[in-house]
Ligand code: NDP
């Protein structure tokens, strides 16, 4: 059965791969893009997830086009890496505001309609470092760990309404976010991954579409690693 899907940050990287995977299976897919243009073949709405009014307007635009959002993929995220003693309060709160509070804003806006429709899937894109931590990533790891608490609380609040909330924790995925790392750093990270390689964004997308499927209807509050064994199941 075709569903209405909204992927935040769906104009590139993992979000784009997720949006394309849903579109390929026949769902009605909308993506938010903060900058640039949306992908040519997908319905795009401009939205900065740090602004609740923009989030509200984006959902309203998707509802007008396709109807209520049934599957939310909270994917938009940023890094502002630096060591704790050098990290400014702004670097900390900016990352939290986008990665964690941004996901909260979207989940809150999606929830009312999901409750009314008595069906919903929320999938939060976290990271392996949310549970393992990362040097230079106090802000990012905190934001990604916070998503676990969000998903598990939503599971408790809305579980009886046929709404699931899960976390996908990718490891080292080949996108713009990791392209900024130098070759030496990449080689060092790859050495620590049991699979011995980075993953393509498609490998995350396949897990997300499965989590949104009827087959995964009894999975909620889970953290699903897609990390080649890097976190060893956390
Ligand atoms: P990219 O940097 O390639 O893409 C990030 C996306 O998020 C872009 O679409 C960007 O929009 C959007 N975005 C950032 N800030 C905002 C904002 N304030 N409002 C709306 N959209 C925003 O990253 P990836 O595709 O690699 O990452 C996607 C998600 O996966 C992130 O949450 C990331 O933390 C997570 N992740 C990535 C891993 C990796 O190895 N790549 C590993 C683990 C987790 P714009 O184009 O306008 O900048």
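Computed from the coordinates by the stated procedures, all read-outs in this text should not be read as laboratory data. Nothing here was measured: the structure is a model prediction, and the numbers come from that model. Note: ideal-geometry Cβ built from the backbone for every residue, glycine included; neighbour counts use all protein chains shown.
Observations, loosely collected:
- Candidate set: the range 130-139, residues that are within 11 Å of the ligand (Cβ to nearest atom) and surrounded by fewer than 24 Cβ atoms within 10 Å (Cβ to Cβ); chosen: the one farthest from residue 230 (Cα to Cα): 137
- Matching residues in the range 142-193 - criterion: being touching a residue at least 12 places away in the same chain (Cβ under 8 Å), within 16 Å of the ligand (Cβ to nearest atom) and in a loop (DSSP other than H, G, I, E, B): 171, 172, 174, 175, 192, 193
- When the strands (runs of 3 or more DSSP E) confined to the range 3-82 are screened for residues that are surrounded by fewer than 24 Cβ atoms within 10 Å (Cβ to Cβ) and within 11 Å of the ligand (Cβ to nearest atom), those reaching at least 2 such residues are found at 43-46.
- Residue list for the range 108-129, filter: touching a residue at least 40 places away in the same chain (Cβ under 8 Å), within 16 Å of the ligand (Cβ to nearest atom) and surrounded by fewer than 23 Cβ atoms within 10 Å (Cβ to Cβ): 109
- Residue 100 vs. criteria loosely packed, with under 15 Cβ neighbours inside 10 Å, out of contact with any strand residue (DSSP E or B) (no Cβ under 6 Å at 6 or more places or on another chain) and in contact (Cβ under 8 Å) with a residue 12 or more places away in the chain: no
- Of all residues in the range 83-97, those being surrounded by fewer than 22 Cβ atoms within 10 Å (Cβ to Cβ) and either within 20 Å of residue 49 (Cα to Cα) or in contact with a strand residue (DSSP E or B) (Cβ under 9 Å, 6 or more places away or on another chain) (or both) number 8.
- Residue match in the range 63-77 (condition: within 15 Å of residue 9 (Cβ to Cβ) and without any contact (Cβ under 8 Å) to a residue 60 or more places away in the chain): no
- Every test in (1) within 21 Å of residue 210 (Cβ to Cβ); (2) part of a helix (DSSP H, G or I) is passed by residue 127 save one, and that test is (2).
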